[in-house]
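Notes to accompany the following structure.
Every number here is computed from the coordinates shown, using simple stated rules; none is lab data. Values in this document were obtained by computation on a predicted structure and should not be read as measured data. Don't worry about glycine lacking a Cβ; one is built from the backbone with ideal geometry, like all the others, and counts go over all protein chains shown.
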Amino acid sequence: MENQVEEIKTPIRLEYRHTAGDATTRFLRAIKEGRILGQRCPKCRLVIVPARGACARCGVPTREEVELPDKGTVTTFCVVHLPIPGSEVKPPFVCATIQLDGADIGFFHLVSEIQPDQVRAGMRVQGVWKPREAWDYTLENIRYFKPTGEPDVELEDTRSTGHA
């Protein structure tokens, strides 16, 4: 392609201030300890991670906490070819929705240690954590997810029944 656009600079700057609620605070405290906490909806029984304090499906408060492993399944993904200014991650890289084992809703994270064209929905992955001394109150304590080598999961098996 001739004259391919590789970068666009804009003068836009957005700043956000976010105050974590009770559920997010407990989630962030746990992640700093190397644990992943979700919450189970008392009505539909969905397990939601990261914990949000309410069920997105039912709108009811969620208080029952569920500890989850750092292992799960890629349910969707995209390959990113544009660089992110200031990021250590160089394109192409993969962003994926990871549904942890025992959870009913996935969250977005990086997948690495595999060529982007080899990533697939249903692929089993496990978190690769930063060194413990670098842990903070952030999901970025998990640097990325890598393939486990386990057989792929049928995506039908990851769909929530609401009876977790």
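Miscellaneous remarks
- Label of the coordinate-derived value, P(r) over Cα pairs in 10 Å bins from 0, in percent, listed as (i) 8, 12, 9, 8, 7, 7, 6, 6, 6, 5, 5, 4, 4, 4, 3, 3, 2, 1; (ii) 10, 40, 37, 11, 2, 0; (iii) 10, 32, 34, 19, 4, 0: (iii)
- When the GluC sites (Glu not before Pro) in the stretch 55-146 are filtered for DSSP coil states and for at most 13 other beta-carbon atoms within 10 Å of their beta-carbon, the remaining sites are Glu88, Glu113.
- Cut-off 12 Å between beta-carbons: net charge of the residues surrounding Arg35, Lys and Arg +1, Asp and Glu -1: -1
- Principal-axis tilt of helix 22-32 within the chain, Cα atoms, nearest 10 degrees: 60 degrees
- Label-to-label distance for Lys90 and Arg120 is 2.8 nm, based on points extended 7 Å past Cα in the beta-carbon direction.
- Of Arg124, Arg40, Arg143, the one that fluctuates the most in a GNM where the chain has Cα springs shorter than 10 Å: Arg143
- Helix-only [θ]222 nm of the chain, DSSP H runs n ≥ 4, -39500 (n - 2.57) each, per residue, nearest 500: -2000 deg cm²/dmol
- Partner lysines for Lys71 [C-alpha distance under 20 Å; skip if fewer than 8 residues away on the same chain]: Lys32, Lys130, Lys146
- If both residues of a DSSP beta bridge must be in the stretch 53-164, then about 95% of such bridges are antiparallel.
- Cα-projected label distance for Glu33 with Lys146, points at 7 Å along beta-carbon direction, nm: 2.7 nm
- When only the Cβ of Lys, Arg, Asp and Glu is charged (+1, +1, -1, -1), the dipole of the chain relative to its Cα centre reaches about 660 debye.
- Within the listed set Gln99, Gln39, Gln115, the Gaussian network model of the chain (springs between alpha-carbon atoms below 10 Å) gives the highest mean-square fluctuation for Gln115.
- Furthest towards positive pole of dipole, Thr97, Ile84, Tyr144, structure part the stretch 70-159, Cβ charges: Ile84
- Taken about its Cα centre, the stretch 19-68 carries a charge dipole of roughly 140 debye when the Cβ of each Lys and Arg holds +1 and the Cβ of each Asp and Glu holds -1.
- Tensor-based shape of the stretch 70-159 (alpha-carbon gyration tensor, a/c under 1.5 rounded, otherwise prolate or oblate): oblate
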